[in-house]
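Following: one structure in structure tokens, then a few remarks.
The values are calculated or read from the model by the stated rules, or taken from the named source; none is laboratory data. Please read these numbers as outputs of a predicted model, since none were measured by experiment. All Cβ positions, even for glycine, are placed from backbone atoms using ideal geometry, and neighbour counts span all protein chains on display.
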Amino acid sequence: MRPSRSHLSLTGPFCYTMLHKVSRSFALVIQQLDTDLRNAVCIFYLVLRALDTVEDDTSIPTEVKVPILLAFHSHVYDRDWHFACGTNDYKVLMDQFHLVSTAFLELGKGYQKAIEDITQKMGAGMAKFICKEVETIDDYDEYCHYVAGLVGLGLSKLFYASGKEDMAAEDLSNSMGLFLQKANIIRDYLEDINEIPKSRMFWPREIWSKYVNKLEDLKYEENSVKAVECLNDMVTNALTHAEDCFKYISALKNPAIFRFCAIPQVMAIGTLALCYNNIEVFRGVVKMRRGLTAKVIDRTNKMSDVYGAFYDFSCMLKSKINKNDPNATKTLSRINAIQKTCIDSGVLNRRLEILHNPKWAKLQFNHDCPTFHYTGHHFLVSLRQPINKLVIGGILELLSVSMGEAYVLIEVAFLCLYAVFLLDSVYPIF
Ligand code: D61
Ligand code: MG
């Protein structure tokens, strides 16, 4: 008999190449897990991505699609099963699906069972929502549970099966997925509404109907004010999951698993901060820049980094709240709750001491900018490294300022630097 590893060594290169092609963000974090768990998570990803390719292909008729979604969990055991759909790299994944099944069959039985179970539940949930719209906020949470909360549950099972982690609570695992999925659904409004041949709608009617008559009306220029208010309502809804994410992440023991879980969550709060009050969500693609993404990946290693990043991103979000927004109070109270958790953790003490030093009071600039309000304070909070082009670029992007407005920020940056010399400060970031 051949040793079980030999198959994986044949299909392994395909699976990792495929992973890089179909996942812009997850390939990097999956890659840094330890071997055995890395293979399981990679196959888990590819199986679910294939299932999602079926769900996402709006050209497949419902009566064809639903049975495939329902039976998908059994297709992973069948090396000959094949269904052509999707486009570009997703099409290659579907065409070559037998290589994914082959790799799946090489995994340990514990991993296989966990993947099968989640695939079955996700397929059933997706099938349910093929014929049903996301009406209420409960529907929205239910849909997000199927497509992302279940991934959180499955990953917790895989971590436990690897012997590296304790079993996490189900509701916390679910929240990990909901926070990521909601950030995606918010950011992808335009892409989903413009989907051909049929638009895809995940924003719940219970939220958008407060602002417009049809979800697609949000993209028209004459509804800009309502669109941004609706967007802010959606972001406020997503923020409720942040605290469960802290609980989940802080209980992790293995450093590689920690990074794997923490990095996407930091990116999600970054995406929410970027999208908040930003009309560009309805005009084109709003994404964190590569440089900022690279920094998040590089600097998310321990719990204090997570609290620090959530604190910084929520400061930026807070600085964008317009007091005339119908949900301003609600958004502010959710931000304050997140910041309180970060502060109460105790790991930010050194930073806060420095920031609350009275000498910084002199740096409370209040520039009237058309798209946002900020103070020198917020600006300082976000600087953890020496000022350089990347940092300034990242901050401009996060605050969604155009180059035309940038000079104000750059001026503030230099004033801050100047003040540091004047006041002979030892602020550790400089
Ligand atoms: C820790 C670390 C990663 C986590 C986690 C906890 C909990 C949940 C998740 C990742 C899942 C988050 C999904 C958020 C992104 N949304 C999508 O990709 C949508 O598809 C959902 C169905 C397929 C899910 C596939 C998946 C995703 C991430 C994984 C994974 C499986 C397995 C392991 C690790 C991460 C979205 O896709 C379209 C697109 O954005 O391209 C959609 O169709 O709505
Ligand atoms: Mg999908």
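Given Arg49, Arg38, which one is out of contact with any Phe, Trp or Tyr (no Cβ under 8 Å at 6 or more places or on another chain), of a type in the set (D, E, K, R), surrounded by 15 or more Cβ atoms within 10 Å (Cβ to Cβ) and assigned to a helix (DSSP H, G or I)?
On the way: Arg49 fails: out of contact with any Phe, Trp or Tyr (no Cβ under 8 Å at 6 or more places or on another chain).
Exactly one of Arg49, Arg38 is out of contact with any Phe, Trp or Tyr (no Cβ under 8 Å at 6 or more places or on another chain), of a type in the set (D, E, K, R), surrounded by 15 or more Cβ atoms within 10 Å (Cβ to Cβ) and assigned to a helix (DSSP H, G or I), namely Arg38.
Could you identify the single residue in Ser156, Ser101 that is within 23 Å of Ala268 (Cα to Cα) and in contact (Cβ under 8 Å) with a residue 12 or more places away in the chain? Spell out the reasoning first.
Values: Ser101 fails: within 23 Å of Ala268 (Cα to Cα).
Step by step, each of Ser156, Ser101 is checked, and only Ser156 is within 23 Å of Ala268 (Cα to Cα) and in contact (Cβ under 8 Å) with a residue 12 or more places away in the chain.
May I ask you to list the residues in the range 17-35 that are within 16 Å of ligand 2 (Cβ to nearest atom), in a loop (DSSP other than H, G, I, E, B) and either touching a residue at least 60 places away in the same chain (Cβ under 8 Å) or not assigned by TED's automatic domain parsing to the domain that holds Met201 (or both)?
Listed by number, the list holds a single entry, Ser25.
Yes or no: Ile130 in the same structural domain as Asp57 (by TED's automatic domain parsing), buried (at least 22 other Cβ atoms within 10 Å of the Cβ), of a type in the set (A, V, I, L, M) and within 14 Å of ligand 1 (Cβ to nearest atom)? Steps first, please.
Values: in the same structural domain as Asp57 (by TED's automatic domain parsing): yes; buried (at least 22 other Cβ atoms within 10 Å of the Cβ): no; of a type in the set (A, V, I, L, M): yes; within 14 Å of ligand 1 (Cβ to nearest atom): yes.
No.
Filter the range 187-219 for residues that are in a helix (DSSP H, G or I), in contact with a helix residue (DSSP H, G or I) (Cβ under 8 Å, 6 or more places away or on another chain) and within 15 Å of ligand 2 (Cβ to nearest atom) and give the result.
If we filter the range 187-219 for residues that are in a helix (DSSP H, G or I), which is where we start, we get 187, 189-193, 205-208, 215-219.
Retained after the next criterion (residues that are in contact with a helix residue (DSSP H, G or I) (Cβ under 8 Å, 6 or more places away or on another chain)): 187, 189-190, 192-193, 205-208, 215-219.
Within the range 187-219, Arg187, Tyr189, Asp192, Ile193 qualify.
Read through the list (1) buried (at least 23 other Cβ atoms within 10 Å of the Cβ); (2) in contact with a Ser or Thr (Cβ under 7 Å, 6 or more places away or on another chain), then give the number of the only condition that Arg187 fails.
Looking at each condition in turn, Arg187 falls short on (1).
Looking at (1) assigned to a helix (DSSP H, G or I); (2) farther than 30 Å from Thr35 by Cβ, which is the only condition Val285 fails?
(1)
What is the residue count in the range 52-77 for residues that are part of a helix (DSSP H, G or I) and either more than 16 Å from ligand 2 (Cβ to nearest atom) or under 25 Å from Lys164 (Cα atoms) (or both)? Give the steps one after another, and end with the answer.
Going through the range 52-77, the residues part of a helix (DSSP H, G or I) turn out to be 52-56, 62-75.
With either more than 16 Å from ligand 2 (Cβ to nearest atom) or under 25 Å from Lys164 (Cα atoms) (or both) added as a condition, the list becomes 63-64, 67, 71, 73-75.
Total meeting the criteria: 7.
Does Tyr90 meet the test of being of a type in the set (Ser, Thr, Tyr), touching a residue at least 40 places away in the same chain (Cβ under 8 Å) and either within 16 Å of ligand 1 (Cβ to nearest atom) or not assigned by TED's automatic domain parsing to the domain that holds Leu178 (or both)?
Working: of a type in the set (Ser, Thr, Tyr): yes; touching a residue at least 40 places away in the same chain (Cβ under 8 Å): yes; either within 16 Å of ligand 1 (Cβ to nearest atom) or not assigned by TED's automatic domain parsing to the domain that holds Leu178 (or both): yes.
The answer is yes for Tyr90.
Does Leu239 meet the test of being over 23 Å from Ala169 (Cα atoms) and in contact with a helix residue (DSSP H, G or I) (Cβ under 8 Å, 6 or more places away or on another chain)? Write out each step before concluding.
On the way: over 23 Å from Ala169 (Cα atoms): no; in contact with a helix residue (DSSP H, G or I) (Cβ under 8 Å, 6 or more places away or on another chain): yes.
No: the conditions fail for Leu239.
Which members of the range 224-235 meet the condition of being surrounded by fewer than 22 Cβ atoms within 10 Å (Cβ to Cβ) and not charged (D, E, K, R)?
Correct list: Ser224, Val225, Val228.
Give the residue, chosen from Gly123, Gly177, Gly152, Gly110, that is in a helix (DSSP H, G or I) and surrounded by fewer than 18 Cβ atoms within 10 Å (Cβ to Cβ).
Details: Gly123 fails: surrounded by fewer than 18 Cβ atoms within 10 Å (Cβ to Cβ); Gly177 fails: surrounded by fewer than 18 Cβ atoms within 10 Å (Cβ to Cβ); Gly152 fails: surrounded by fewer than 18 Cβ atoms within 10 Å (Cβ to Cβ).
Among Gly123, Gly177, Gly152, Gly110, only Gly110 is in a helix (DSSP H, G or I) and surrounded by fewer than 18 Cβ atoms within 10 Å (Cβ to Cβ).
Kindly indicate whether Leu99 is over 28 Å from the mean Cα position of the chain (by Cα) and assigned to a helix (DSSP H, G or I).
Numbers: over 28 Å from the mean Cα position of the chain (by Cα): yes; assigned to a helix (DSSP H, G or I): yes.
It is true that Leu99 is over 28 Å from the mean Cα position of the chain (by Cα) and assigned to a helix (DSSP H, G or I).
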